[in-house]
Amino acid sequence: MGKVYARIDDRLRAFIEAQQVFFVASAPLSGDGHVNISPKGRAGSLALLGEHELAYLDFGGSHAETLAHLRENGRITLMWCAFEGPPKVLRVHGHGEPVFRDDPRWAELVARFGDADAPGLRAIVVVRAERISDSCGFAVPFMDYREERTLHSDHFGRKTDEEFAAYCEAKEYNGTSIDGLPALPLPLPARSA
């Protein structure tokens, strides 16, 4: 039933772009470390950069586990599920790299996201696909999309960049992951122009 693809072609691109949410999985090298799975879904926060490369915006929140895992070993999987239409689950296994706000590549990368660049943005995760595959998705339920939640953007939209940096520094598990790995560089770098 499943198929492995050589690249993200136009059909896969259309499927990815039609989904309202995707999931990110990462893990540390340590066998007793914590595997992390996070939902992502702010509109416009995912960009397909090429047939083997994607990027997504990493916004501030409770933890920075994915950033820590990527800094340690780069392993990452992105997954999309069809909650409407024909059943399908698509996975991109790859190597990810966090690009932080003071990186010279920041301005060029963030421009790829247009209006999705918003308050609370702390990194851009660039993923190089190493394996692209789908599976049936026959057991994934139908669910209807209603609308975007604005709580996150509303909350961080009330903060200055300095207040956001202070928020990141005060949050447990932002600078260091729950497994003790370096995560978000603190103090948070200022946004490059």
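For (1) over 30 Å from residue 159 (Cβ atoms); (2) among the small types (Gly, Ala, Ser), each residue gets a yes or a no:
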| site | (1), (2) |
| --- | --- |
| 21 | no, no |
| 51 | yes, no |
| 60 | no, yes |
| 63 | no, no |
| 75 | yes, no |
| 94 | yes, yes |
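Looking only at the stretch 137-193, which residues are within 18 Å of the chain's Cα centre (by Cα), under 30 Å from residue 87 (Cβ atoms) and among the small types (Gly, Ala, Ser)?
none
From 126, 92, which residue is crowded, with 18+ Cβ neighbours inside 10 Å and more than 17 Å from residue 44 (Cβ to Cβ)?
Working: 126 fails: more than 17 Å from residue 44 (Cβ to Cβ).
Among 126, 92, only 92 is crowded, with 18+ Cβ neighbours inside 10 Å and more than 17 Å from residue 44 (Cβ to Cβ).
Determine whether residue 30 is hydroxyl-bearing (Ser, Thr, Tyr), exposed (fewer than 14 other Cβ atoms within 10 Å of the Cβ) and either in contact with a Pro (Cβ under 9 Å, 6 or more places away or on another chain) or touching a residue at least 40 places away in the same chain (Cβ under 8 Å) (or both).
Values: hydroxyl-bearing (Ser, Thr, Tyr): yes; exposed (fewer than 14 other Cβ atoms within 10 Å of the Cβ): yes; either in contact with a Pro (Cβ under 9 Å, 6 or more places away or on another chain) or touching a residue at least 40 places away in the same chain (Cβ under 8 Å) (or both): yes.
Yes: the conditions hold for residue 30.
Can you report the number of residues in the stretch 58-89 which are closer than 25 Å to residue 169 by Cα, hydrophobic (A, V, I, L, M, F, W, C) and either open to solvent by 10 Å² or more (accessible area, probe 1.4 Å) or in a helix (DSSP H, G or I) (or both)?
4
Quick check on the stretch 169-190: of everything there that is charged (D, E, K, R) and crowded, with 16+ Cβ neighbours inside 10 Å, which residue is farthest from residue 34 (Cα to Cα)? Steps first, please.
As a first pass, look at the stretch 169-190 and keep what is charged (D, E, K, R): 169, 171-172, 179.
Checking which are crowded, with 16+ Cβ neighbours inside 10 Å leaves us with 171, 179.
Values: 171: 18, 179: 7 Å.
My answer is 171.
Which of the following residues is part of a helix (DSSP H, G or I), out of contact with any strand residue (DSSP E or B) (no Cβ under 9 Å at 6 or more places or on another chain), more than 24 Å from residue 49 (Cβ to Cβ) and of a type in the set (Gly, Ala, Ser): 190, 107, 139, 166? Before you say what the answer is, go through the steps one by one.
Details: 190 fails: part of a helix (DSSP H, G or I); 107 fails: more than 24 Å from residue 49 (Cβ to Cβ); 139 fails: part of a helix (DSSP H, G or I).
Only one candidate qualifies: 166.
Let's see how each residue does on (1) charged (D, E, K, R); (2) under 25 Å from residue 30 (Cβ atoms):
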site	(1), (2)
108	yes, no
123	no, yes
134	yes, no
137	no, no
156	no, no
165	no, no
189	no, no
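The values are calculated or read from the model by the stated rules, or taken from the named source; none is laboratory data. This structure is a prediction, so every number in the text was calculated from the model and none was measured. Ideal geometry is used to build each Cβ from the backbone, glycine not excepted, and the neighbour counts take in all protein chains shown. Just the protein is used for accessible areas: all its heavy atoms, side chains included, with ligands, DNA and RNA removed. Shrake-Rupley method; radii C 1.70, N 1.55, O 1.52, S 1.80 Å.
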